[in-house]
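Here the structure comes first, spelled out in structure tokens, and everything after it is commentary.
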């Protein structure tokens, strides 16, 4: 049972480059999330998708775009990477949108922008 | 502004003793609270939760206590084991909301 799978696990980008972080879940969950974790900041929500076909901004959406490709997949795109986007990115899913339910997380993507 | 706060970045406890991890929140609309455990190079994993209609929830060695008037929750681990060494995040959500809000985490070290 894979749960939530993120690719890649590690990535180094140069400033201005673009990339897409992939996320897929096999639990038939409706809602999916992208978080970033920075030292001393906890996990902060970038974007979320309440259900297939919908996406909304979280706390820190600037510099990112997302696509809910289907019920299983939710990708995060950095169009022009900046050093401030150096972080660990986590994808998560839950049965419903943060409603008396827990989220399941992927293993994370460690991104460095130089 | 941090709506969920964990003021202790780290905690060390002897094996077999009790570990108490604390969490405070500011938003009175929060009605569901969770604790996650995170090992290095892994994603957070769900540990235990509590609804605002309760003041205590227990699951084996783990107990979460909620004090709504103080906007405070705590996680008790008894007895602590070396395998419990990890970073613990508390999180909160509101029935009217759209996301989980996470604290900054507390790194627990259980000394054998």
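FYI, it's all coordinate maths here, none of it is from the lab. If you're wondering where the values come from, they're calculated on a predicted model, not measured in any experiment. Note: ideal-geometry Cβ built from the backbone for every residue, glycine included; neighbour counts use all protein chains shown.
Listed by Cβ neighbour count within 10 Å, with the fewest neighbours leading, B:50, A:46, B:95, B:20 appear as B:95, B:20, B:50, A:46. Remark: B:102, B:62, B:30 ranked as B:62, B:30, B:102, counting other beta-carbon atoms within 10 Å and listing the fewest first.
The coefficient of translational diffusion for chain B, derived via Stokes-Einstein from the alpha carbon Kirkwood radius under 25 °C and 0.890 mPa s, stands at 175 µm²/s.
Output the antiparallel fraction of DSSP beta bridges having both residues in chain B, as a percent to the nearest 5. Here the antiparallel bridges make up roughly 90 percent for chain B. The tail of the calculated P(r) for the protein assembly as shown, taken as Cα-Cα distances beyond 26 Å, holds 36 percent of the pairs.
Peptide B:43-56 has a mean shielding of 3, counted as Cβ atoms of other protein chains within 10 Å of each residue's Cβ. The mean sequence distance of close C-alpha pairs (under 8 Å, at least 6 residues apart), as a share of the length of chain A, puts its relative contact order at 36 percent.
Per residue of peptide A:42-51, the mean number of Cβ atoms on other chains within 10 Å of the residue Cβ is 4. Taking every DSSP bridge with both residues inside the protein assembly as shown, close to 90 percent are antiparallel.
Fewest neighbouring Cβ atoms within 10 Å first, the residues B:52, A:87, A:31 line up as B:52, A:87, A:31.
Could you grab the relative contact order for region B:35-112? Cα pairs under 8 Å, six or more apart, rounded to a whole percent. Relative contact order, region B:35-112: 26 percent.
One Cα centroid belongs to region B:1-75, the other to region A:14-92; the line between them spans 25 Å. Averaging over all projection directions, the Cα-based convex hull of region A:46-114 occupies 4.8 nm² in the image plane. To check you understand DSSP bridge types, tell me what percent of the beta bridges within chain A (both residues inside) are antiparallel, rounded to 5. Expressed as a percentage, antiparallel bridges in chain A total about 90.
Just checking the listed ones, B:83, B:60, B:16: in the Gaussian network model of chain B with Cα springs under 10 Å, the one fluctuating most is B:60.
The mean sequence separation of alpha-carbon pairs under 8 Å and at least six residues apart, normalised by the residue count of region A:2-48, gives a relative contact order of 32 percent.
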